[in-house]
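Below: the structure, in structure tokens.
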Protein chains: 2
Amino acid sequence: MGQIIKGKPVADAITEQLAKDVEELKGKGITPKLTIMRIGENPSDLSYERGALKRYAKVGIDTEVKAYPENISQEEFIEEIKKVNEDNKTHGILIFRPLPKQMDEDIIKHVISPEKDMDCFSPINVAKLMSGDKTGFPPCTPTAVIEILKHYNVDMKGKNAVVIGRSMVVGKPVSMLLLDENATVTICHSRTKNMAEIASKADILVVGVGKAKMVTKDYVGKDAVVIDVGINVDEEGKLCGDVDTEDCLERASLITPVPAGVGSVTTSILGKHVIKACKAQNNL
Amino acid sequence: MGQIIKGKPVADAITEQLAKDVEELKGKGITPKLTIMRIGENPSDLSYERGALKRYAKVGIDTEVKAYPENISQEEFIEEIKKVNEDNKTHGILIFRPLPKQMDEDIIKHVISPEKDMDCFSPINVAKLMSGDKTGFPPCTPTAVIEILKHYNVDMKGKNAVVIGRSMVVGKPVSMLLLDENATVTICHSRTKNMAEIASKADILVVGVGKAKMVTKDYVGKDAVVIDVGINVDEEGKLCGDVDTEDCLERASLITPVPAGVGSVTTSILGKHVIKACKAQNNL
């Protein structure tokens with residue numbers, strides 16, 4: 001019988017370190033600051049924002065929220081990003097995506113300063129992620145996956161990791177990060193044949209496809225570690241992941257729940273990125 | 001007993017199409033042009049250059065070689081790249097790498113115009129490659145792998161592709177391109193355990209690690225297609241790939257030789273990129 005591994009202890013450990021880092025920076029007269037740029041009032045953005053504000057208030061990271069109306073024009077928004085790029089007090093920028101339809105993300109992504117881009121929006125950070133360049137900022141959710149594995153002492157080196165999903169939000173980035181940790185990585189997706197069989201060979205199974213409870217115990221090898229990155233709503237209207245947790249617990253050794261799993265770690269990772277950016281921008 | 005599949009028929013088919021494309025462009029008063037920027041006199045650069053010049057002369061792509069002394073300074077070279085970026089007659093630029101040690105590739109790569117960057121030097125093209133954005137220019141060698149598979153009617157969709165090597169020159173880019181073709185992709189590397197066993201499950205095996213004849217028949221499943229991207233020199237001083245071709249022929253269905261395999265297709269791919277860049281720059 002496997003064990004449920006929650007995100008909170010991971011987030012707490014990271015937060016504890018963040019508080020120390022902030023204290024050290026403040027001792028040097030520097031206050032790390034994140035600026036969140038939000039368009040409209042998407043409930044999941046607002047929920048993320050509340051979590052972030054609360055966590056960063058606790059550790060001493062300054063957080064400013066710049067909220068814009070749903071109908072802001074692309075030109076105006078670009079001007080706003082440029083202002084924040086140039087604001088010396090801001091070390092990190094988070095822009096909630098997807099952007100409303102009057103915006104072309106393929107244009108906006110080139111505007112945000114790569115040094116301040118905290119969630120791998122800029123192509124410069126995408127390129128660094130792919131080439132394994134540690135000076136960049138990989139997206140927070142895939143990074144949270146790696147931090148959870150590290151926190152629970154899951155050895156990745158030489159292990160078979162299977163990733164289900166090939167999106168730029170989860171699948172491809174987490175594959176690159178697993179490769180950096182020296183795992184052997186298999187990327188599966190909607191066109192994969194015999195997916196359950198392939199997945200069941202994994203030591204580490206990461207799932208991010210957005211299909212409620214798609215992964216059942218047939219997908220899970222004995223003592224596999226299962227990380228569930230999906231967030232869905234089941235037939236009863238409750239939050240659930242891409243993994244049928246109860247069903248898989250029978251075979252897995254460790255498994256993250258949804259909610260209270262990967263999602264609870266992302267704001268801590270964002271905080272960690274802000275500290276890293278702040279240090280880099282101050283040549284520390 | 002498997003069959004050796006050479007690069008030449010693939011290159012010839014692409015070249016034939018290139019000649020038609022050039023004719024069409026010339027009919028519109030446009031001559032596609034590649035500028036090759038070479039520092040020093042590396043024999044493999046010179047050999048590649050000769051092959052390119054010969055092929056493009058045949059199809060009507062203008063090719064200019066700008067050769068610089070081995071000791072050119074980084075600043076001077078950057079100025080030279082900027083000039084070619086701005087030259088309206090040049091649609092594609094190839095810069096031979098690695099650059100000499102007085103150059104920082106992490107600086108230079110940001111200078112070349114992404115629209116003219118023919119071999120995925122610019123991080124903008126790396127990001128496009130990772131995100132599956134077809135407007136970019138993936139590196140020529142991994143693209144040659146895909147073109148060979150297509151030419152020989154190897155179905156990639158839903159097939160198990162195993163890539164040995166995780167470099168930015170071969171392994172990672174070819175993995176992304178195989179994903180674009182809907183293969184299920186496993187990336188192996190020096191830390192992979194049981195590599196032969198994993199490789200032997202592949203329908204398509206792509207090898208790019210730079211170890212002479214490392215891949216023997218234990219790595220090859222029955223009727224697998226094997227693409228050898230390695231170029232090495234064996235004990236007798238002869239060119240050879242990463243695959244022990246003769247040994248593997250017993251089990252493989254198709255296998256590319258070295259020399260006369262993948263390497264013979266790259267200049268055609270480069271030509272194809274030049275045509276694509278020329279069309280894009282002329283809004284065609």
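The values are calculated or read from the model by the stated rules, or taken from the named source; none is laboratory data. What you are looking at is a predicted structure, and each value in this text was computed from that prediction instead of being measured. Here Cβ is always computed from backbone atoms with ideal geometry, including for glycine, and neighbour counts include all displayed protein chains. The protein model used for the area step is the full one, side chains on, heavy atoms only, and it has no ligands, DNA or RNA in it. Shrake-Rupley method; radii C 1.70, N 1.55, O 1.52, S 1.80 Å.
Kirkwood Rh over Cα pairs of segment B:140-264 into Stokes-Einstein at 20 °C, 1.002 mPa s: D in µm²/s?
Rounded, D is 154 µm²/s.
What is the ratio of the Cα radius of gyration of segment B:123-167 to 2.2 N^0.38 Å, where N is its residue count, to two decimals?
1.27
How large is the charge dipole for chain A, taken about the Cα centre, if only the Cβ atoms of Lys, Arg (+1) and Asp, Glu (-1) carry charge, to the nearest 20 debye?
620 debye
Find the sum over both chains of the accessible area lost when A and B are paired, probe 1.4 Å, and report it in Å² to the nearest 100.
2800 Å²
Can you classify segment A:158-224 as rounded, prolate or oblate using the Cα gyration tensor, where a ≥ b ≥ c are the square roots of its eigenvalues, rounded means a/c under 1.5, and otherwise it's prolate if a/b beats b/c and oblate if not?
oblate
Could you check what % of the DSSP bridge pairs in the protein assembly as shown are antiparallel, to the nearest 5?
Antiparallel bridges: around 10 percent, rounded to the nearest 5.
For segment A:53-203, take the convex hull of the Cα atoms, compute a quarter of its surface area, and give me that in nm², please.
Mean shadow area of the hull around the Cα atoms is 11.1 nm².
Exactly which GluC sites (Glu not before Pro) in segment B:1-96 are in a DSSP loop and have at most 11 other Cβ atoms within 10 Å?
Within segment B:1-96, the qualifying GluC sites (Glu not before Pro) (loop, at most 11 other Cβ atoms within 10 Å) are B:Glu41, B:Glu70.
Enumerate by residue number the GluC sites (Glu not before Pro) in segment B:179-284 meeting two conditions: DSSP loop (anything except H, G, I, E, B), and at most 16 other Cβ atoms within 10 Å of the site's Cβ.
B:Glu235, B:Glu236, B:Glu250
Starting from a Cα-only point model with no solvent, please compute log10 I(q)/I(0) by Debye for the protein assembly as shown at q = 0.07, 0.08, 0.10 1/Å.
Log10 I(q)/I(0), no solvent term: -0.46, -0.60, -0.93.
Taking 41 Å as R0, compute the FRET efficiency from the Cβ-Cβ separation of A:Glu75 and A:Gln17 and round it to 0.05.
0.55
Across segment A:29-114, how many lysine pairs, 8 or more apart or on two chains, come within less than 26 Å at their alpha-carbon atoms?
Step by step, the pairs that qualify in segment A:29-114 add up to 23.
Using the Kyte-Doolittle scale, find the helices of chain A whose mean hydropathy is at least 0.0 and whose Cα atoms extend 15 Å or more along the helix's long axis, counting only whole DSSP H runs.
A:140-151, A:266-281
Can you give the direction-averaged projected area of the convex hull of the alpha-carbon atoms in chain B, in nm²?
14.8 nm²
Taking the Cβ-Cβ separation of B:Leu284 and B:Lys150 as r and a Förster radius of 35 Å, what is the calculated FRET efficiency to the nearest 0.05?
Once rounded, the FRET efficiency stands at 0.90.
Given label points at 7 Å from Cα along Cα→Cβ, what nm distances, shortest first, separate B:Pro69 from the same residue in every other copy?
Values, ascending and in nm: 6.3.
Name the shape class, rounded, prolate or oblate, that the alpha-carbon gyration tensor gives for segment A:29-114, where a ≥ b ≥ c are the square roots of its eigenvalues, rounded holds for a/c under 1.5, and otherwise prolate holds if a/b is larger than b/c and oblate otherwise.
Verdict is oblate for segment A:29-114.
Roughly speaking, to the nearest percent, how much of segment B:74-171's 1.4 Å accessible area is carbon and sulfur?
49 percent
Which whole-angstrom value gives the distance between the alpha carbon centres of segment A:72-128 and segment B:205-284?
40 Å
Based on the Cβ-Cβ distance of B:Lys58 and B:Lys193, what FRET efficiency does E = 1/(1 + (r/R0)^6) give at R0 = 45 Å, to the nearest 0.05?
Step by step, r from the Cβ atoms, then E = 0.40.
Sum up the charges of everything whose Cβ sits under 10 Å from the Cβ of A:Asp247, counting Lys and Arg as +1 and Asp and Glu as -1, but leave A:Asp247 out.
Local charge sum for A:Asp247: -1.
When only alpha-carbon atoms are used, what values of Rg and Dmax, in angstrom, describe segment B:147-197?
Final numbers for Rg and Dmax: 11.4, 33 Å.
Lys/Arg Cβ at +1, Asp/Glu Cβ at -1, dipole of segment A:86-209 taken about the Cα centre: which of A:Pro173, A:Met118, A:Leu94 is farthest positive-ward?
A:Pro173
Cα atoms only: what Rg and Dmax, in Å, come out for segment A:1-48?
Rg and Dmax of segment A:1-48, Cα atoms, are 16.3, 51 Å.
Could you name the aspartates and glutamates in cross-link range of B:Lys26, using Cα to Cα under 13 Å and dropping any fewer than eight places away on the same chain?
B:Asp62
For label points placed 7 Å from Cα toward Cβ, what is the shortest-first list of nm distances from A:Ala57 to its copies?
Copy-to-copy label distances at A:Ala57, shortest first: 7.4 nm.
Once the label point is set 7 Å along the Cα-to-beta-carbon vector, what list of distances in nm do you get between A:Asn153 and its counterparts in the other copies?
5.6
Peptide A:120-128: average number of partner chain Cβ atoms within 10 Å per residue?
5
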